[in-house]
Amino acid sequence: MNYMVLSVKKTNIRFLFNQPVFGDQTLNKNNNFSFLFHAFLLISILAWCGCATAPIKKEVSPSVFTSDKKADEALKNKNYEKSIILHEFFIKENPDNGLALYHLGYSYGQLGDHENEIKYYNEAIKKGYYSPGIFFNLGMAYAETEKFDDAMKMFRKAIALNPEDVDAISNLGTLYLETGQVEKAKKQLEKLIKIDPDGEMTLKLKDELDNRK
């Protein structure tokens, strides 16, 4: 299967820097109720997508992870070589910084080094950096390296965190279709029709399914 059949390429810089984040944070007494609510919510989500044994994370502000300003500026300016150098230097001093690891992986991906992209996305997740965007981009990276089962798993996780992510739903539907799982692809189309009946991603997946008849 050719990667270009997917509905969308990498998320842009806006999505990379402005998105809800799920991560670890020390709790105080005032956070206990919020933690229990989000824990219950995420347990339900992860159980639905077959990931009930995964660690439960609490939704927090993106400020929990703060990357290096100069490194992020290089990333925003699409100077990916400089971004890699600065992020790697920053990570040597801050090895548990999930956001910096995510940005490092993204920079490698933009240069076509998808193995390192996958490596650093997974390291970021292990450090507690959870967001729809990182799972979406990890799914894209797996698809680019033709690891389609892993790609579908990551798109399902992205959808679990953001059920209205039309890009992830469309890509998951396309991969289902390309791997012969037509009925599952149809279910993704049904989701898209409910969310955005006339949207580009909806129409694209519909056309792909129609062409298989």
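The values are calculated or read from the model by the stated rules, or taken from the named source; none is laboratory data. If you're wondering where the values come from, they're calculated on a predicted model, not measured in any experiment. Virtual Cβ from ideal backbone geometry, glycine too; neighbours counted across all protein chains shown.
At-a-glance table
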{"read-out": "Close pairs from region 135-164: first at positive phi, partner assigned to a helix (DSSP H, G or I) and surrounded by fewer than 24 Cβ atoms within 10 Å (Cβ to Cβ), Cβ under 8 Å, at least 6 apart", "value": "146/3"}
{"read-out": "Residues of region 78-93 that turn out to be without any contact (Cβ under 8 Å) to a residue 12 or more places away in the chain and among the aliphatic types (A, V, I, L, M), as a count", "value": "1"}
{"read-out": "Options 83, 107: the member that is more than 15 Å from residue 133 (Cβ to Cβ), of a type in the set (Ser, Thr, Tyr) and assigned to a helix (DSSP H, G or I)", "value": "83"}
{"read-out": "Residue within region 172-180 that is buried (at least 24 other Cβ atoms within 10 Å of the Cβ), under 14 Å from the mean Cα position of the chain (by Cα) and not assigned by TED's automatic domain parsing to the domain that holds residue 98 present", "value": "yes"}
{"read-out": "Enumerated helices (runs of 4 or more DSSP H) restricted to region 120-213, each holding at least 3 residues that are over 20 Å from residue 103 (Cβ atoms) and modelled with pLDDT under 95", "value": "166-178, 200-210"}
{"read-out": "Long-range neighbours under 8 Å by Cβ, at least six apart or interchain, first residue closer than 15 Å to residue 146 by Cα within region 174-185, second among the aromatic types (Phe, Trp, Tyr) and part of a helix (DSSP H, G or I)", "value": "175/148; 175/155; 178/148; 179/148"}
